[in-house]
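Structure first, then comments.
Just so you know, all these numbers are worked out from the coordinates, no wet-lab data involved. Quantities reported herein were computed from a predicted structural model and do not represent experimental measurements. Counting neighbours? That spans all protein chains shown, and the Cβs are built from the backbone with ideal geometry, glycine included.
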Amino acid sequence: MLEVQNATKRFGGLIAVNQASLKAAAGSITGLIGPNGAGKTTLFTLISGFERPTEGRVLFEGQDISRDEPHIRAQRGIARTFQIVQPFAGLSVVENIAVGAHLRHARRSDAMARAQEVGRRVGLGPELDKSASSLTVAGRKRLELARALATEPKLLLLDEVLAGLNPSEIRDIIPVIRAIRDEGVTILMIEHVMQAVMNLCEQVYVLAQGKIIAEGPPAEVCDDPTVIEAYLGAGAAERLKREKVHA
Amino acid sequence: MTLRDIIPIILIVALLAFLPVFVTANTVLNFLVFTLIIALTAQGWNILAGFGGQFSFGHAAFFGTGAYAAALLQVRLGINPWVAFVIGAAAGALVGWVIGYLSFRSGLRGSYFALVTLAFAEVLRILANAATFTGGAAGVLIKLDVRPENFQFESRAAFFWIALALVGAVLVLTRWIERSRFGAQLVAVRENEAAAKALGVDTLRVKLGAITLSGAVTAAAGCLYAQYFLYVDANIAYGTWISVEAILAPIVGGIGTVFGPLVGAVALHGLGEITKLAAGSIPGIDLMVFGSLLVVAVAFAPDGILGLLRRFRRPAQPTGASRHA
């Protein structure tokens, strides 16, 4: 479905993403984790088209889309959410979602109907006619999800949709994400909430300092010494192992 | 868009159409026609800025292009004024597209876009003031030849009805924008361009569409102005005054609403005329009223007169959702 081949992104002298490659199989949920500043969001912008890779390619359904504008990629079936939520603040919740729905529905009434349907699905039913700016953080995250979903994507890029939510809100939204996958949407998600990553993802990539340092099923990746060191610093893996033995 | 959406427009236009039956004084008709021309200019601005969030400070570029095109085509080339009118509006659309293409493609927005539009209008003003084809500083006089096929009428009421018909047509156009995919995408661009892009909105195309429509509407107002006063010069056609008028009316009336520009133009110029009558011959007193009204509008009614009315009707509504008439 999605394949990133040796993507590199330089901002002047800074290499944000360095020769990163990853694959997301159709119908799967793939996780992208890594410490802060690793380049996860930058890698997402390369996939969604907001930035172009300095080197390397992005393939979607076998076609090279590295040079396509974001709206072309959306038409092809790639939708993204924003880590920092970007609601259309002056519009109501349902109008926000309808902008996404308009991608596949030209008529206003069709788009609004579709928007209400999607809104209810992600649990925004009671909020549909409220102003988007009146939503709580959890509500705004759901709105991001709903808008992206309303474009009827094949590939959904979720950039920390769970960040800032409390445990019960996270518990509520995990089944929603799984249900989206079960309908055949491929999902690639950046997530810090490990509970969700362990729960949802079949395959996880770990990005640190712009490089993919590990990949595999979540349980395996979490035990990988290089991953532990990327998060906790050099020597941490060794220390943890010792502590485990002592305990 | 359904019939229900345009019933208020039909009612208001029909009501206004009866005005010349009751008032026949030329000064009043003059005032009404002028106000409608301002309303039409402002309606053009409102499409781009009110719905699209692209604040132009140079709508004189379109107004002037319409006015000069209407005047020059008939005076210099002998083209029928009605045809010149249509070409004038098309020329405004073209100028809109060009300015839009140059500035939007290079990613200009906010105050940078405002400055660039202002610069375009000023360049056009200086060019029109200097070139001999445009009559230079002396301007262009359209020959008085009162015949309907010449777009000149015995009665001012006829002109009023034509201006009103145009304003009505743009009211319908604006309502259509509000109810269409194009409008939804345009508003999305206004609210958050990055988010709109992510949802598959071709933001460049949408903005170009808006500025082209906007240019055509404002240029039509310019054509009408030239045809009514039968005289155009650079400071009238491309002067900053008309850019300011185009902005003031929607801000006072209700920015990004269908009726805002018309309500604002009537309120501003109505009040201006009344103070002129009341205060006698103090020069510039109407401008002082404009200024005070603008301050009051920005401070107490950021959604304009229409927003204020809506707030009185439903006091508990959040302000954010009130953008829709």
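Any idea which of A:LEU188, A:VAL176, A:ILE228 is furthest toward the positive side of the dipole for segment A:165-247, if Lys and Arg beta-carbons carry +1 and Asp and Glu beta-carbons -1?
The Cα lying farthest towards the positive end belongs to A:ILE228.
Taking amide H positions as placed in the peptide plane 1.01 Å from N, state which residues far from A:LEU32 in sequence (5 or more) or on other chains have amide H under 5 Å from it.
A:MET189, A:ILE190, A:GLU191, A:TYR205
Cβ neighbours within 10 Å, averaged per peptide: list B:289-302, B:15-28 in order, most packed at the top.
Top to bottom by mean Cβ count within 10 Å: B:289-302, B:15-28.
Pull up all non-local amide H partners of B:TYR231: gap of 5 or more, or a different chain, and H-to-H distance under 5 Å with H placed in the peptide plane.
Correct list: B:ILE142.
Treating only the Cβ of Lys, Arg, Asp and Glu as charged (+1, +1, -1, -1), what charge dipole size does segment A:93-247 show about its Cα centre? Round to the nearest 20 debye.
400 debye
May I ask you to derive the relative contact order of segment B:107-244, considering only C-alpha pairs under 8 Å and at least 6 residues apart, and to give it as an integer percent?
39 percent
On a 26 Å Cα-Cα criterion, which of the cross-link pairs A:LYS40/A:LYS130; A:LYS9/B:LYS207; A:LYS23/B:LYS197; A:LYS40/A:LYS241 come out too long?
Beyond 26 Å between Cα atoms: A:LYS40/A:LYS130; A:LYS9/B:LYS207; A:LYS40/A:LYS241.
If I model a spin label at A:PHE11 and A:ARG120 as a point 7 Å from the Cα along the Cα→Cβ vector, what separation in nanometres do I get?
Label at A:PHE11, label at A:ARG120, 4.3 nm between them.
To make sure I understand, if each residue's beta carbon is the centre and we count other beta carbons within 10 Å, what order do B:PHE259, B:PHE62, B:PHE51, A:PHE50 fall in, fewest to most?
In order of increasing Cβ crowding within 10 Å: A:PHE50, B:PHE259, B:PHE51, B:PHE62.
Residue by residue through segment A:115-128, which ³J(HN,Hα) values in whole Hz follow from phi under the Karplus form 6.51 cos²θ - 1.76 cosθ + 1.60 (θ = phi - 60°), with glycine and proline marked x?
4, 5, 4, 5, x, 5, 4, 8, x, 9, x, x, 9, 3
Under the rule of at least 5 residues apart or a separate chain, name every residue whose amide H is placed under 5 Å from the amide H of A:ALA214.
Sorted by chain and number, the residues that satisfy this are A:VAL206.
Could you give the distance between the Cα centres of segment B:277-297 and segment A:1-47, to the whole Å?
60 Å
From the phi angles alone, apply the Karplus equation (6.51, -1.76, 1.60; θ = phi - 60°) to segment A:57-67 and give each ³J(HN,Hα) in whole Hz, x where the residue is Gly or Pro.
Couplings: 9, 10, 10, 10, 6, x, 9, 6, 10, 4, 9 Hz.
Can you grab the distance from the C-alpha centre of segment A:71-115 to the C-alpha centre of segment A:215-237, Å, no decimals?
Centre-to-centre distance over Cα atoms comes out at 38 Å.
In whole angstrom, how far apart do the alpha carbon centroids of segment B:26-99 and segment B:227-270 sit?
Going from one Cα centre to the other spans 11 Å.
Other chains' Cβ within 10 Å of A:74-83 residues: what's the mean?
Mean partner-chain Cβ count within 10 Å for A:74-83: 3.
Under the definition of Cα pairs under 8 Å and six or more residues apart, what whole-number percent is the relative contact order of chain A?
25 percent
Enumerate the calculated ³J(HN,Hα) couplings along segment A:73-83 in order (Karplus 6.51 cos²θ - 1.76 cosθ + 1.60, θ = phi - 60°), each rounded to whole Hz, writing x wherever the residue is Gly or Pro.
Calculated HN-Hα couplings, in order: 5, 4, 5, 5, x, 10, 10, 10, 10, 9, 4 Hz.
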